[in-house]
Amino acid sequence: MEKKRIQKLLSELGICSRRRAEVLIKENKVKVNGKTAKLGDKVDFKDAIKIEDVSLNLKDYVEKIYVILNKPKGYVTTMKDEKNRKTVMCLINGFFKERIYPVGRLDLNSQGLLLLTNDGEFANFIMHPSSNIKKTYEVVVNKPISKEEIIKMRDGVLIDGKKTAKSKIKILNKTKEKTKFLITIHEGKKRQIRKMVSIVMNCRVLKLNRIKIGPLKLEGLKIGEFKKLSLKEVLSLKKELNYEEA
């Protein structure tokens, strides 16, 4: 592992936030190899670090990583499946020593952008409804959509006794047989878009492809491909989502 600025490493490992680390360093409460640390000092797992005279064994901490995957159809978004179906973990097993897991869900017949991480707090933030994180899907249905149907889906649909929040819809292509459109929602109800289409349009979804989560995009990833986000990308993502580490 390459050396990193101490405040960044402490934040990445979940020991404390970068802001908190900077405060502790300025207050001379952090030592590296017996010497008082300064902002900008670089460290790795070989260094002996103390915070407020408490020794840290960095090897006990796992570096937080963030991976985006273009999920194919036919894979379930779980760690294991009791029905022995293929899971998204089959696509990344052996590539990361860290135990990462999917954030949220994409059902068996859906495809597209999926985030995986070992950062539990950030995963909970992404999934919590109060975060209002927008997710955009490309949808193809087997009939032309009407203006009335667009308005109904935009204004919210009653599903299982609860009305969905308003959504944004953009028509990409419409023929006598099919409609291709983008829909942006910020909820995560199970099979929400498929249920909205079924209730409002009384038709089938031929394709459901998530192309965006907040500022995250597929970035040219082919189906089944994945990539680890760089530290710069992670920091930019958290900033755009107004996520502040505790």
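The values are calculated or read from the model by the stated rules, or taken from the named source; none is laboratory data. On a predicted model such as this, the values are computed, not experimentally measured, just so you know. Ideal geometry is used to build each Cβ from the backbone, glycine not excepted, and the neighbour counts take in all protein chains shown.
A few remarks follow.
- Check on ALA37, over 21 Å from LYS239 (Cβ atoms) and either among the charged types (D, E, K, R) or touching a strand residue (DSSP E or B) at 6+ places or on another chain (Cβ under 6 Å) (or both): yes
- For region 27-47, a tally of residues being at pLDDT below 90 and over 16 Å from LYS4 (Cβ atoms) returns 0.
- Filter pass, LYS207 being touching a strand residue (DSSP E or B) at 6+ places or on another chain (Cβ under 6 Å) and outside the structural domain of ASN109 (by TED's automatic domain parsing): yes
- Note on region 63-97: residues that are within 20 Å of LYS3 (Cβ to Cβ) and surrounded by 15 or more Cβ atoms within 10 Å (Cβ to Cβ) total 3.
- The residues of region 23-45 that are closer than 24 Å to THR117 by Cβ and either in the same structural domain as LEU231 (by TED's automatic domain parsing) or charged (D, E, K, R) (or both) amount to a single one, ASP44.
- Cross-chain or 6+ apart pairs with Cβ under 6 Å, region 183-211 first and touching a residue at least 60 places away in the same chain (Cβ under 8 Å), then assigned to a loop (DSSP other than H, G, I, E, B) and of a type in the set (S, T, N, Q): CYS203/ASN142; ARG204/ASN142; LEU206/ASN142; LEU208/SER110
- For region 46-105, the set of residues classified as in the same structural domain as LYS31 (by TED's automatic domain parsing) and on the phi > 0 side of the Ramachandran plot consists of GLU52, ASP53, listed by residue number.
- Tally, over region 103-142, of residues that are under 19 Å from ILE171 (Cα atoms), of a type in the set (Ser, Thr, Tyr) and under 11 Å from the mean Cα position of the chain (by Cα): 0
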